[in-house]
Every structure is written in C-alpha cells, then in structure tokens.
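Here is the structure we will look at.
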Amino acid sequence: MQLWELFVIAVGLSMDAFAVSICKGLSVQRLRWSHALTAGAWFGAFQALMPLAGWLLGTRFEGIITSVDHWVAFVLLVLIGANMVKESRGACEALDASFAVRAMFPLAVATSIDALAVGVTFAFLRVDNILSAVCFIGCTTFVLSAVGVKVGSVFGARFQSRAELFGGVVLIAMGVKILLEHLGVLG
C-alpha cells in the first residue's frame, strides 16, 4: 500500500471522528485547547488501536480466505462507506459538553468500529508495516478531531454532514480501486 492510499484511507476513517468533534465543539460554551486535545487524543488513539486489532484478527484468517480477500476488502470498504454516506444525511447529534472519560469513551469506540473492519482489510492486503500504518491513521485522526472541535465552535454543524459524506465516498472509492486492481483492470 502506497503512502497516498494510506493517507486517503486515514482521512476517510477520520471523518466520523471529525463529525463528532464538530458536534462536541458545538456543545461547549467556551472552547479551550484542552477540549481539542482531549477529543484528538481519544479519537486518535482508538482509530489507531482498532485497525491494529482488526489486522491481528485478519491475519488469523488470512490463509482461509486468500482466494477471495480482494472481494472481502471491497465489500467491507463499500459497506462502511455506504453507511457513512447514509449517516451524512442526519443532523448533528446533541452531545453534552463533557470531555470526561464517561462521555468520550463511548464516542471513541463508536467512531472507530469502522477502523476495525479496515484493519481486517489491511491483513488481507498484506500491509507490511502495520505499526506505521496505524500510527499514521491515529495521528491523522488526532489532528482532524482537534480541528473539528474548533470548527464546531466557530462554524456550527455546517460541515458535519459533508465530512461524513466525503469519508464515505473515499472509502467506497478505495474499495473499488482494490477490486479493480485485483481483477487486473487497473495497472
């Protein structure tokens, strides 16, 4: 997997966390740097841990489904992307202003479930340096989530649905690209 492909996937995965961060930014009366850093840390850490866990699971089953791995990668990415596109039509969820563990933990888990499936896809695609890949995804999510809190406090919910739509389209496109490469349509 090339760096640009990893970047595109990282940004696509980060869009759920970015959208939730916008909503968190909307919820606070007075934004502090600690809010942005807390959201970035929670979302970035889980976006790094979940693909690692998915990769570990995927490597266990790689030998069983090697002949259809490209189809599995395609289906997972398209389903995740389609779900994000569907969710982009909803309004910004009302979130409380708390950045405490009890508020952030469920949000971090919920926004990173997609990353678990992408980690399984990484195993099937035989991503060589998984630690670098998940660190890159985590750092990308950290930055975008921190920015999302600020965007939410300044601009409101204007960008939340567009972020989810963009992320969904990106993941669908990556799934199609993987399938076309495996079928020999793309060089």
- Here are some conditions: (1) out of contact with any Lys or Arg (no Cβ under 7 Å at 6 or more places or on another chain); (2) modelled with pLDDT under 90. Gly25 meets all but one. Which one does it not meet? (1)
- Task: Considering every residue within segment 27-47, establish whether at least one is of a type in the set (A, V, I, L, M, F, W, C), within 21 Å of Phe105 (Cα to Cα) and in contact with a Cys (Cβ under 8 Å, 6 or more places away or on another chain).
- Result: no
- Give the residues of segment 1-27 that are within 10 Å of the chain's Cα centre (by Cα) and of a type in the set (D, E, K, R), sorted by residue number. Asp16
- Message: It is to be established whether one or more residues within segment 78-99 are modelled with pLDDT of 85 or more, buried (at least 16 other Cβ atoms within 10 Å of the Cβ) and not β-branched (Val, Ile, Thr).
- Response: yes
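Mind listing just one residue for me: the one in segment 51-62 that is part of a helix (DSSP H, G or I) and not small (Gly, Ala, Ser) and, of those, least open to solvent (accessible area, probe 1.4 Å)? Even if it seems obvious, please write down each step before you answer.
Initially, segment 51-62 is screened for residues part of a helix (DSSP H, G or I), giving 51-61.
Of the ones still in play, those that are also not small (Gly, Ala, Ser) are 51-52, 55-57, 59-61.
Values: Pro51: 0, Leu52: 45, Trp55: 58, Leu56: 94, Leu57: 91, Thr59: 55, Arg60: 192, Phe61: 108 Å².
Here the answer is Pro51.
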- Please indicate, with yes or no, whether at least one residue in segment 119-130 is at pLDDT 85 or above, surrounded by fewer than 13 Cβ atoms within 10 Å (Cβ to Cβ) and under 15 Å from Leu52 (Cα atoms). yes
- Task: Identify the single condition in (1) open to solvent by less than 50 Å² (accessible area, probe 1.4 Å); (2) modelled with pLDDT of 80 or more; (3) not polar (S, T, N, Q) that Val75 does not satisfy, given that it satisfies every other one.
- Result: (1)
- Please specify each residue of segment 9-50 satisfying the condition of being in a helix (DSSP H, G or I), open to solvent by 40 Å² or more (accessible area, probe 1.4 Å) and either of a type in the set (Lys, Arg) or within 20 Å of Leu116 (Cβ to Cβ) (or both). Ala41, Trp42, Ala45, Leu49
- Residues being closer than 21 Å to Ser145 by Cβ and either β-branched (Val, Ile, Thr) or free of Cβ contacts under 8 Å to residues at least 12 places away in the same chain (or both): count how many of those fall in segment 111-130. 3
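The values are calculated or read from the model by the stated rules, or taken from the named source; none is laboratory data. No experiment lies behind these values; they were computed from the predicted model shown. Cβ atoms come from the backbone with ideal geometry, glycine included; neighbour counts cover every protein chain shown. Surface accessibility is based on the protein's heavy atoms, side chains included, excluding ligands, DNA and RNA. Shrake-Rupley method; radii C 1.70, N 1.55, O 1.52, S 1.80 Å.
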